[in-house]
Amino acid sequence: MKMLSSKEKAALRAMAQTLRPALHVGRQGLAEGAVAELRKAFAREELVKVAFKADRESLPELVASVERLTESECVGGVGKRRSFYRPHSDEAKK
């Protein structure tokens, strides 16, 4: 996936402000079921918000895991909520 510019990320963050979290990730981290739900959410939408219940110290590791497992990019967030972007493939748009 191509890296997003800071302007693109800012526009996506603005759009994400009105989104409700598509998934709540518990203190135990990412379970296989949570990853499957994230993939379903990305099949519907390009921009997905995730709420994390884990402590702030483990948040960067969880964000990196979400990015790696869903092939998405974190565009930002506030507190324990992060927004992830994954563009739909050209085949999915047809």
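The set of residues in region 1-19 being farther than 11 Å from Lys49 by Cα, in a loop (DSSP other than H, G, I, E, B) and touching a residue at least 12 places away in the same chain (Cβ under 8 Å) consists of Met1, Met3, Leu4. Comparison of Ser65, Ser83 shows that the only residue that is within 12 Å of the chain's Cα centre (by Cα) and surrounded by 18 or more Cβ atoms within 10 Å (Cβ to Cβ) is Ser83.
Could you grab me the full set of residues in region 20-42 that are in a loop (DSSP other than H, G, I, E, B), surrounded by 14 or more Cβ atoms within 10 Å (Cβ to Cβ) and over 11 Å from the mean Cα position of the chain (by Cα)? Write out each step before concluding.
Pass one, region 20-42, residues in a loop (DSSP other than H, G, I, E, B): 20-22, 26-31.
Then drop every residue that is not surrounded by 14 or more Cβ atoms within 10 Å (Cβ to Cβ), which leaves 21-22, 29-30.
Those that are in a loop (DSSP other than H, G, I, E, B), surrounded by 14 or more Cβ atoms within 10 Å (Cβ to Cβ) and over 11 Å from the mean Cα position of the chain (by Cα): Gly29, Leu30.
In region 51-66, the residues that are farther than 14 Å from Phe84 by Cα reach residues that are of a type outside the set (Gly, Ala, Ser) and in a helix (DSSP H, G or I) with C-beta atoms within less than 8 angstrom, at least six apart or across chains, in these pairs: Ala54/Leu62.
Pull up region 48-62, narrow it to residues that are of a type outside the set (D, E, K, R) and over 12 Å from Pro21 (Cβ atoms), then point me to the one that is surrounded by the most Cβ atoms within 10 Å (Cβ to Cβ).
That would be Leu62.
For beta carbons closer than 8 Å, sequence separation of 6+ or different chains, a first residue in region 25-49 that is over 20 Å from Leu12 (Cα atoms) and a second that is among the β-branched types (Val, Ile, Thr) and part of a loop (DSSP other than H, G, I, E, B), there are no qualifying pairs. Residues of region 4-58 that are within 11 Å of Val75 (Cβ to Cβ) and of a type in the set (A, V, I, L, M, F, W, C): Leu4, Ala10, Ala11, Leu12, Ala14, Met15, Ala16, Leu47, Val48.
Read-outs throughout are calculated quantities, based only on the coordinates presented, and are distinct from any laboratory measurement. Because the structure is a prediction, the values reported are computed rather than measured. Counting neighbours? That spans all protein chains shown, and the Cβs are built from the backbone with ideal geometry, glycine included.
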